[in-house]
Every structure is written in structure tokens, then in C-alpha cells.
Amino acid sequence: MAHSKVKTLDSLSLQELEQDAELIPLMTAEDEDAMNREELPEILPILPLRNTVLFPGVVVPITAGRDKSIKLINETNKGSKTIGVVSQKDEEVEDPGLNEINTIGTVAKILRVLKMPDGNTTVIIQGKKRFETTEVITTEPYLTATIREVSEAKPADENEEFSAIIDSIKEIALEIIKGSPNIPSEAAFAIKNIESNSFLINFVSSNLNISVKEKQSLLEINDLKERALQTLKHMNVELQKLSLRNDIQSKVQSDINQQQREYFLQQQMKTIQEELGGNSNEAEIQEMRKKAEEKKWGDEVQEHFEKEINKLQRMNPQVAEYSIQTNYLDLLLELPWNEFSTDKFDLKRARKILDRDHYGLDDVKKRIIEYLAVLKLRNDMKSPILCLYGPPGVGKTSLGKSIAEALGREYVRMSLGGLRDEAEIRGHRKTYIGAMPGRIVKNIKKAGTSNPVFVLDEIDKLSVGSQGDPSSAMLEVLDPEQNNAFYDNFLELGYDLSKVMFIATSNSLSTIQPALRDRMEIINVTGYTVEEKVEIAKRHLLPKQLEEHGLTKNDLKIDKKQLEKIVEGYTRESGVRGLEKQIAKMVRYAAMKIAMEEEYEKKVTHDTVIEALGSPKLERNKYENNDVAGVVTGLAWTKVGGDILFIESTLSKGKGQLNMTGNLGKVMKESATIALEYIKSNAEELGISPDIFEKYNVHVHVPEGATPKDGPSAGITMLTSLVSLFTQRKVKKSIAMTGEITLRGKVLPVGGIKEKILAAKRAHIKEILLCEDNKRDIDEIKPEYLKGLKFHYVKDMSDVLNLALTKQKVKNAKKL
């Protein structure tokens, strides 16, 4: 019959209300009394409504679309204008009968009928009283039925509980109107001016945001107080929903407003950048994608890059993470993934470059040539991890540049001295503020290829701090089995370091972590002989200093003889740094003369050396020959190379005590004790009276008492000194010795032979006593370095004493 679409108060505009006074939904007490006094007819035409419930006193507009409904409205509007309005149980039913509609409805009066442009009929009706259908009279042309009035129980006016409920309904209704943007503010005016309590309840019930079934339940409640309580319950629920909805909308609106603001600012910034000729963020991302197309990385890296650049594209450029993400992608693009320089396999050329830049260092050069030879044959080989170990100033670091040139590779250097933060090796995680990749990855990026010569300088000086252990982090870098997928915390990807040629340098092996030392091939870079130093000074140091001081080779000439005097008289080292400083002094001397326009000898003489450098300072290190019994020359190894030392012994009246001085370590003191005990047990064979040990105290001293000394190498030297003292036989001229002894008098081999030999040559020693097992060390030294030296290889102390001591006693020998 009727398709009615209610237009409730929240959708009724102020303009519509002002067009006709009859539409203003206000009811006075007089109106209510008049309405209650009206008699209901026994038979009424029934208008079924699909989706609304009409309450008494409420004015609503409905739209009629079914033929029966339109006919009912037109005929009734010409007559009594009174109809019965009932809601359908099921809104899908097109032609409902008595069983398809609710039995309780509302008598309505037609206020106005409007023809709409779309052909539908809109009718404005006002509820009067509730009724109950009892029997259907007709179904055609529309439904008519007999009805009876349904009375409602109203509480007394002085009922305080009912008054409180009414006040609550008004208060909550005003809150709902205030909080809902869809309800016009005029509704609050209507609520405040409603005088009738029953109309207030019906008006609010009609406009509740609840289902038709729930509204019908309210309409069917006869007790007005109970209906008010149920209405108040629904209003509280609606208020809570409205509050929650407003909170959500407020948050969403705030986010949307912020996003719109940021989008607007980004668009402005983009326009400004384009006007200034700069790149916008989108252009920057496109440029990154273009660079990525040219990279040689694998599928895994490509997939990771796409994931990260998509993340950047979704990110707000104003947040702090944007710059971190940009830096990360820049690193990915700048790293030389699978980019390698071509090795030069001309071994003769490589040998020439190594010989040109470094004089000596034959073991290192041999190892590099071997590596090139194998690489040339296989064309694919894991790079070795070399560790150049030796004293300062011997050219370990500068050797890396020559190796890089010989191989045709890029050269990078990383100093590890004092480094104590593990993140310097492995990098920081991207979550940290100021995160950066590790220095390994940064230097690879700087090199531009994945196979540079990488010098790890001063690897023995890595420290352990509160930020982890860097030496442990270096294990993955320097392990040929692991570094093909080196993991940097910032990069978050494995990077292949297996083609990098790592060259570490170290002054001491004792401070390198054993696990780290095990991963490197140790190459001992020993000190230089006097001849080598002279050649290095002539070929490299003098030309370098002349150039740095603005002089030419014609302004100062130093021949080999004067260079040798500078080496012997002014330097005491295994390397050449001290020698370079002395040559720099000579060059500055010439520069000063030229600048002051004074005469000077361009070809340096002995007097020029003394004038420029002063008197020789290190003559005391030369061999001191004397006729005093108990003085023997020994050979020692130090961190800066080899050195000679003198061991002195003397006797004094006493009870056989042994005293030792000279800042000696525990091992060296034990060597003196062993030597004395050996002499006591072999006194007769040595021609020494046993009474001496009970009547005299023995004092052993090693000069330069401020310098700590330790080690077993002075064992045979101490024993020779004591035998010379007890027998008063002098030691042969220009002889020195080194070796460890046992209580049985056996001589054991010691280390540092090459350095000790160099020290002996500097001191003009002619003969050297060594353990027979040390002969293999002598065989590894070039014959030209051994020129002028005579070696004696011994097995036990009897051999040492026979070779070192003369048969004649010293002059003015003590009578013991």
C-alpha cells in the first residue's frame, strides 16, 4: 500500500520548518488536552509504513510510492483527513495484510500533500493517538480496519522520579544535538520549549537512531514512565556511540588535516625547486632508479634495493628517517658491486716497480710475485691476507702503494691505531641516530672497485673499549673462508671481500689476538744493514727531501762515504725514519745558506756533516775493545731492531754472593745463575780454584741501567764473562756472541739473528759466535750483508770458551 520514507527532525531543515507554521513540532498542554478529547472513528483507512514508526503528537513527512497508498491519501485528504498509520513487520512485503503489520499504530492527521517533480507524493502527517487494529474490513482499493483506542498510564505530575527522568531526557537530548553535526541547532530550541512530557517522550523516541522494531516496542509500552525509562536507555547508548564516533572522527580528521597540510607544503616545495632548477624528491628517486639499472649487483641486492626505494617513496620527506633512508640508498648505489679492476700480470714490470720503490725487502717482493704468478695461471684466486711484521720505519706501510701499482689495483689505507669501537669495523644499525657504515665498507666505496689493495695499518694497536672488541670484528674481515659475505650492520647485506688484497702492518705480534694472527700470513720485515740504508738514502730519502725543501740535486750532494757516517754516527734504528730526519737537517742547512746568500760546500764533507748535525752522538754503541777481564760483547734484539750490549763482571771480598744490576728481567737473572752454577760444577776442568766461590762475591752488570733488558740470548755471554773474570783470561778482539745455555753447558738457538747481525756490523764486530742450529738463519741472509763477518757455530760452552778467550791472562791480572 504505502512506501513511506520518514524525514526525521535531524534531516528537517530550518527553511522547511519556516515555510509553514503547522510543521513546527511543538505542542502545548492545551493542544495535548484537545488531542486527548478527540473521539476516534471506529473504522479507519490503514497506511502501512515500511521503515518508520509514528508517535502521537509528532509531525513527519513521508513519501508514498505504492498505488494503494497514493489512492488512500488522495481520497482521505478530500474528506476527514484522518488515517491510521502502522509499521510493517517486514519491509520487503509489497502488499501487507493484517498479519504483516503491527497491531499497535497511531491515528494521524494529514497536514499537507505535495506532488514531487519525480512523480512521488509527499504527505506531511501528525500523530494523534495510539490505536489497535481489531478486524480488517476491506483490502481494496486500500486496507481499512476497525480500531480501538489504546490508553496509556501517566504518572502524577508530582512524581519526582518521573520528573528526574524527563530532566535527564532533555539534558541528554541537548548533548546529542550539540555533539551531532547532522542535527540543526534549532532542534535544541524545540526541545527546550516542549511543555508536554508525553510529547517530549514521543518526540525524542521518534528521532532516536534505533531500528523500526525497537521504536515499535517503545510505541507499544502503555506505561508512560516505563516508555520514558526505555527511551532514556536508548539515548544513553546513542550518546556513548556519538561520543566515540566524534573521538574517532576527530583523530582521523586531525591526521587527514596534517597529511593535507604536508601534501600542500610538499607540492609548494616541489614547485619552488622546479622553478629554481633543482630536483624534487620524485626526480631524485627516479635518478636513483636509473643508476640502479647500471649496477652489476645480483638478484638479492636488486630485490633489496627495490624494497628500500619503495619504502623511501612512501615516506614523508620531512621526517628524520627520510635522510637516513636516502643515505642508505646512496651507499647501495655507490658501492662497487661486482666491479673489479683488471690485474696486470706483467711479472717483470711488477718486479721493477717493487725494486724501484723499495730497496731490499726481498721476502715481501718474492711473496707478491708468487701471488701474481698463481693469479695469472688460475685467473681466479682468493686474495691472501698478508701481515708485514717488523720495527718502525722499514717501509711496511709504503709497500702497500707499490703493491697496488704493481698489480694495477686501487689503493686504500685504514689506520687501526687506538681504534676501540666495534662499530668502526661493522658499522652502526640504521635505527641509531647518526648511523654510518663501517670504515671497511666506506673505504671500499672510496676505492671504487671490489678488489683494491687494502692496507690495515698498525693492526697490533687495536684496543678493547666499552663498545666491543674491534679485533674480534676483524676476524670476519680477514678470514678467507668468511669474508666473501662480510656483514655490515648499516648495509644489512653481505658484501664480498674475498677479492680484496688485505695487507696488515704490525710492530709486534704479541699484542695481536691469537685467532686474528692465525688468519694472516706473517712476513717478517727486518731492519736494514748500513749498506742498505746508504742506498735507500741515496735513491729515495735525499731526492725526496730536496724536493720538499725546494732545492735541486745540484744544490746539495752527499756521497756514500758521508751518508755512511751519518748512518753510523747519528742514527740508531732498524728503519730509516731517523736517517731521513738527519738528511732533512742537512738539506735545511743548505737551504739556509742559499737563503742567506752565504758560501757553502755543495758537496758535503766530514766537516760539513759535523757543522750541520753536530758531533756524532752514537759512537758509544761501537765495539769497545779493552784488556779488562770479565768484559764481553753480546748481541740483543729490541723492538727497534738489533743492538749490542756489554756484560761486565767483577769480584770483591765476600762469601760467594751473586749480585746483578742493569735493570735485568727474570729470565736474564736466571741465565746468570745458571752460568755461575755451571762454572762451580766444572771448576776443575776450567782451571778455577773452588775456594774462590767462598772467598769472593761476584757482581754482574749490564750498562745502560735505565733500559729494561730480558731474554735468554745473553746466556753464553754471561758465562764467558764469568769464566774470563775467574781465570783472568781476556776476550779476543772484535768478537760478539748470542745464545742460550743449559746447566749441562749446551748452547741453544735464539731468534732475531738478522737484526743482531746488522747491529754487529754497525759496531764493526769481526767475529760472531752462534749456536749451530742458527746456521739456517744465516743462510737466509744475502752474502753481501755478511761481508767482513766471520761466524763460529758452537754446540756447548767449551767450544765458546775456546773460541772467545785467549790463553794469556790480562795485564795486571788479579791474584785469586
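Derivation of every value follows stated rules applied to the coordinates shown; laboratory data play no part. Note that the structure is predicted; figures quoted are calculated from it, not measured. Don't worry about glycine lacking a Cβ; one is built from the backbone with ideal geometry, like all the others, and counts go over all protein chains shown.
Data table
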{"quantity": "Charge-dipole axis of the chain as Lys and Arg at +1 and Asp and Glu at -1 on Cβ define it, positive-most pick from 183, 514, 794", "calculated": "794"}
{"quantity": "Too-long pairs where the Cα-Cα distance tops 23 Å, listed order kept, from 617/761; 695/807; 128/225; 560/732; 585/761; 295/376", "calculated": "695/807; 560/732; 585/761; 295/376"}
{"quantity": "Given charges at Cβ of Lys, Arg, Asp, Glu: the chain dipole, positive-most of 364, 635, 395", "calculated": "635"}
{"quantity": "Ranked packing of 770-780, 338-348, most packed first, by mean Cβ within 10 Å", "calculated": "770-780, 338-348"}
{"quantity": "Dipole magnitude of region 556-618, debye to nearest 20 (Cβ charges: Lys/Arg +1, Asp/Glu -1, about Cα centre)", "calculated": "260 debye"}
{"quantity": "About the Cα centre, charge dipole magnitude for region 66-144 (Lys/Arg +1, Asp/Glu -1 at Cβ), debye", "calculated": "720 debye"}
{"quantity": "Förster radius 25 Å - calculated FRET efficiency between residue 518 and residue 321 (Cβ-Cβ, nearest 0.05)", "calculated": "0.05"}
{"quantity": "Counting DSSP beta bridges with both ends in region 39-149, the antiparallel % (nearest 5)", "calculated": "90 percent"}
{"quantity": "Burial ranking of peptide ranges 733-744, 494-505, 718-729 (average Cβ count within 10 Å, highest at the top)", "calculated": "718-729, 494-505, 733-744"}
{"quantity": "Equivalent ellipsoid dimensions for region 347-507 as semi-axes, Å, which come from the Cα gyration tensor, largest first", "calculated": "29, 18, 12"}
{"quantity": "Antiparallel DSSP beta bridges within the chain, as percent of all bridges there, nearest 5", "calculated": "55 percent"}
{"quantity": "Overall form of region 160-236 per C-alpha gyration tensor (a/c, 1.5; a/b vs b/c)", "calculated": "oblate"}
{"quantity": "DSSP bridge pairs, region 347-507: antiparallel proportion in percent, nearest 5", "calculated": "15 percent"}
{"quantity": "When each of 178/241; 396/461; 533/754; 666/709; 709/775; 296/445 is checked by Cα-Cα distance, pairs over 18 Å", "calculated": "709/775"}
{"quantity": "Size descriptor, Kirkwood hydrodynamic radius, that averages inverse alpha-carbon separations across the chain, Å", "calculated": "37.9 Å"}
{"quantity": "Stretch gain in nm, segment residue 193-residue 670, where the contour uses 0.36 nm per residue and the Cα spacing is subtracted", "calculated": "160.1 nm"}
{"quantity": "Sites residue 594 and residue 355 - FRET efficiency at Förster radius 45 Å, r taken between beta-carbons, to 0.05", "calculated": "0.85"}
{"quantity": "Order by protection proxy (mean Cβ within 10 Å, highest first), peptides 169-177, 38-46, 593-601, 319-327", "calculated": "169-177, 38-46, 319-327, 593-601"}
{"quantity": "Computed FRET value (nearest 0.05) for residue 611 with residue 306, which takes r as the C-beta separation and R₀ as 60 Å", "calculated": "0.25"}
{"quantity": "Potential extension, residue 602-residue 342 segment - 0.36 nm per residue separation minus Cα distance", "calculated": "88.9 nm"}
{"quantity": "Over region 530-613: Kirkwood hydrodynamic radius from C-alpha pairwise inverse distances, Å", "calculated": "12.7 Å"}
{"quantity": "Rounded tilt (10° steps) of 396-407 against the dominant C-alpha axis of the chain", "calculated": "70 degrees"}
{"quantity": "Check: the chain dipole with +1 on Lys, Arg Cβ and -1 on Asp, Glu Cβ, in debye", "calculated": "7820 debye"}
{"quantity": "Simple spin-label estimate for residue 658 and residue 432 in nanometres, 7 Å along Cα-Cβ", "calculated": "5.5 nm"}
{"quantity": "Acute angle (nearest 10 degrees) that the helix 67-78 long axis makes with the longest principal axis of the chain, alpha-carbon atoms", "calculated": "50 degrees"}
{"quantity": "Computed helical MRE - 222 nm, the chain, DSSP H runs ≥ 4 contributing -39500 (n - 2.57), nearest 500", "calculated": "-13000 deg cm²/dmol"}
{"quantity": "With Cα atoms, 0 to 90° folded angle of helix 560-570 axis to the chain main axis", "calculated": "70 degrees"}
